[in-house]
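**Student:** The following block contains the structure, expressed as structure tokens.
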Amino acid sequence: MRKALFPGSFDPLTSGHLDILKRCLPLFDEIVIGVLNNPEKNPMFTADERCSIIKETLASIDSGDCSVTVTSFSGLTAEFARSLSANAIIRGIRAISDYEYELKMTLMNRRLAPEIETVFVMAAEEYSFVSSSLLKQVFSLGGKIDGLVPRNVIDAMNRKSL
Ligand code: ADP
């Protein structure tokens, strides 16, 4: 049984996140998308809202033999992964600028939970510049972000900004 935790803020879910998830579906029997509840980050969506948005998007995706679930969590990612009995933590990597942060997080998580391996996946080229924070910024200034987030995410963002 290969089980992975895909942790992140997902504020909101982007096409980059989704691309990472899709690439991981054939690799695992079960993937838990862990939405980090971190109020200090002053998120656009609450953790519950982020979970609902992801579930809504997942409903339109064929996840094959992999079972995908969504849940929020707070505290240490390594502890949460261990509580799930996950074998792996999935992280996406974009430009080289992600590397330094991911390296220190991975080594710290390995120290905390040596039995859990972090696996890195690269998204498709067209999403290599996509981040939730950049998209929120562009959206708030009236820029078009179609295609860079699932359709239901744009709807949720429009509702938020009303
Ligand atoms: P965090 O605050 O933990 O970085 P994010 O929601 O920003 O949470 O990202 C979750 C994971 O998805 C991270 O591993 C991040 O590098 C990855 N990710 C986000 N956007 C992309 C993208 N466009 N391409 C590849 N990986 C991505």
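**Student:** Please list, ordered by chain and number, the residues whose modelled amide H lies under 5 Å from the amide H of Leu5; skip anything fewer than 5 residues away on the same chain.
**Tutor:** Hits under the 5 Å cutoff: Val32, Ala88, Ile89, Ile90.
**Student:** What accessible area, in Å² to the nearest ten, does a 1.4 Å probe give for Ile93?
**Tutor:** 30
**Student:** With every protein chain kept in the model, how would you rank Tyr101, Tyr127 by accessible area, 1.4 Å probe, largest at the top?
**Tutor:** Numbers: Tyr101 115, Tyr127 45 Å².
Of Tyr101, Tyr127, the descending order of accessible area is Tyr101, Tyr127.
**Student:** At 1.4 Å probe size, with no ligands or nucleic acids counted, give the accessible surface of Asp48 in Å², nearest ten.
**Tutor:** Accessible surface of Asp48 is approximately 110 Å².
**Student:** Heads up, I need the accessible area for Ser133: 1.4 angstrom probe, whole protein in place, Å², nearest 10.
**Tutor:** Result for Ser133: roughly 80 Å² accessible.
**Student:** On to the next question. Where the accessible area of the range 3-161 is counted over protein heavy atoms with a 1.4 Å probe, how much of it, in %, is carbon and sulfur? Write out the running numbers ahead of the final one.
**Tutor:** Details: 4530 of 8610 Å².
So the carbon and sulfur contribution to the accessible surface is 53 percent.
**Student:** What angle do you read, to the nearest 10 degrees and between 0 and 90, between the alpha-carbon axis of helix 47-58 and the longest principal axis of the chain?
**Tutor:** That works out to roughly 90 degrees.
**Student:** Right, another one. Taking a virtual spin label 7 Å from the Cα of Met1 along the C-beta vector, which residues in the range 94-126 bring their backbone nitrogen under 11 Å of it?
**Tutor:** Label zone hits: none.
**Student:** Could I ask something else about it? Counting only pairs 8 or more residues apart or on different chains, how many lysine pairs in the chain have their Cα atoms under 19 Å apart?
**Tutor:** The result is 9.
**Student:** With an 8 Å Cα cut-off and a minimum separation of 6 or more residues, compute the relative contact order for the chain in percent.
**Tutor:** Details: 237 pairs, mean separation 50.3, N = 162.
Relative contact order here is 31 percent.
**Student:** To the nearest 10 degrees, how steeply does helix 97-112 sit against the main Cα axis of the chain, on a 0 to 90 scale?
**Tutor:** Tilt relative to the chain: about 40 degrees.
**Student:** So what is the relative contact order for the range 73-162, in percent, with contacts set as C-alpha pairs under 8 Å and at least six apart?
**Tutor:** Values: 61 pairs, mean separation 24.9, N = 90.
28 percent.
**Student:** Tell me the label-point distance for the pair Ser133, Thr71, using the 7 Å Cα-to-Cβ offset, in nm and rounded to one decimal.
**Tutor:** That separation, rounded to one decimal, is 2.9 nm.
**Student:** Would you mind getting me the FRET efficiency between Leu141 and Ile96? Use the beta-carbon distance for r and R0 = 45 Å, nearest 0.05.
**Tutor:** On the way: r = 27 Å, r/R0 = 0.60.
In this case the efficiency is close to 0.95.
**Student:** Let me ask another. For the range 51-117 and the range 139-162, what is the separation of their C-alpha centers, rounded to whole Å?
**Tutor:** A separation of 25 Å, based on Cα centres.
**Student:** If you don't mind, another one. Go from 0 up to the bin containing the longest alpha carbon distance in the chain, width 10 Å each, and give me the % of pairs per bin.
**Tutor:** For the chain, the binned pair fractions read 10, 40, 39, 11, 1 percent.
The values are calculated or read from the model by the stated rules, or taken from the named source; none is laboratory data. Treat the numbers as computed from the prediction; the structure is a model and nothing was measured. Note: ideal-geometry Cβ built from the backbone for every residue, glycine included; neighbour counts use all protein chains shown. Please note that ligands, DNA and RNA were not included when accessible areas were found on the heavy atoms of the full protein model with its side chains. Shrake-Rupley method; radii C 1.70, N 1.55, O 1.52, S 1.80 Å.
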